[in-house]
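A quick write-up on the structure given underneath.
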Amino acid sequence: MTSVRRRRAAAFFDLDKTIIATSSSMAFSRSFYEGGLVTRSKALRTLYAQFLFEVGGADARQTARLRDALSELVTGWDVAHVQDIVAQTLHEHIDPIVYQEALDLIRRHQAHGRDVVIVSASAMEVVEPIAMLLGADAVIASRLEVEDGRFTGEISFYAYGPAKAEALTALANERGYDLESSYAYSDSITDTPMLNAVGHGFVVNPDRTLKRSAHRHGWGVLRFKQPVGLRETDAARPMLVTVAAVAAVAAVWVIAATAIHRREE
């Protein structure tokens, strides 16, 4: 007789407005401004590019324009300084805005033996420590290049749209996940490729456009309403200070994801 080993399933979660009630960029922006990383003139140029993006729509031209402005914003940021700021503010900004419903879902998937993967257009330095705080098993996020301890402004991988689904599929092949038995959660229609990549897609707090798309694709619809402060016992593993210190490098970069989310609301 030949025994067939059942492949593992995973649960893939978007971060902004799916796990947390706001965007990670908004959560950290004040601390970065107060820390001197964001000047008034650069902030205004970035906001103008964001305005054009929202008015013009999330097409290739406007997306490129916003990416250029955000790349300019973070160019030259000193990594050590960023680490210092974030180490002092991570819990202050993130702990109170986690949705209780998302946290319950994460724990439920883990109780059923599924890996939890955070998938976000935010920078890896933002997402990874939040994922550790939540007890996630893996992270897919955008990657910014560093040279001589400073950010160059170059983006080596932008985890947005189809790129999320491609990275998700690559991780599934690497870890042996059965995508047909896996789950995905997102509040944004731009994550359609990710939701279609798994057997069980769910939209969170959808607007009318996303809700219509959910009905068309057969995705479930969830409503998250209750942000809750994380307690020490909520984390599946302890938060390491050294990991917290590397959080949110170029947090303002993820305004791009925020703008896309707001465009769909």
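Please treat every number below as a calculation from the coordinates, not as lab data. These figures come from a predicted structure and were not determined experimentally. Every residue, glycine as well, gets a Cβ built from its backbone with ideal geometry; the counts of neighbours run over all protein chains shown.
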What is the fewest-to-most order of SER182, SER120, SER156, SER31 by other Cβ atoms lying within 10 Å of their Cβ? SER156, SER31, SER182, SER120
Given 101-113, 212-224, the highest-first ranking by average Cβ count within 10 Å works out to 101-113, 212-224
Once R0 is set to 35 Å, what does the formula 1/(1 + (r/R0)^6) return for the Cβ-Cβ distance between ALA170 and ARG208, expressed as a FRET efficiency to the nearest 0.05? 0.60
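Arrange THR39, THR152 by Cβ neighbour counts within 10 Å, fewest through most, would you?
THR39, THR152
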For an R0 of 41 angstrom, estimate the FRET efficiency from the Cβ-Cβ distance between ASN196 and GLU145 and round to the nearest 0.05. 0.85
Long-range amide H contacts for SER182: which residues qualify at under 5 Å (H placed 1.01 Å from N, peptide plane, sequence gap of 5 or more or a different chain)? ALA10, GLY199, HIS200
Around VAL127, what is the net charge, scoring Lys/Arg as +1 and Asp/Glu as -1 over all other residues with Cβ under 11 Å from its Cβ? -3
Sequence-distant aspartates and glutamates (8 or more away, or on other chains) whose Cα lies within less than 12 Å of LYS164: ASP14, ASP191
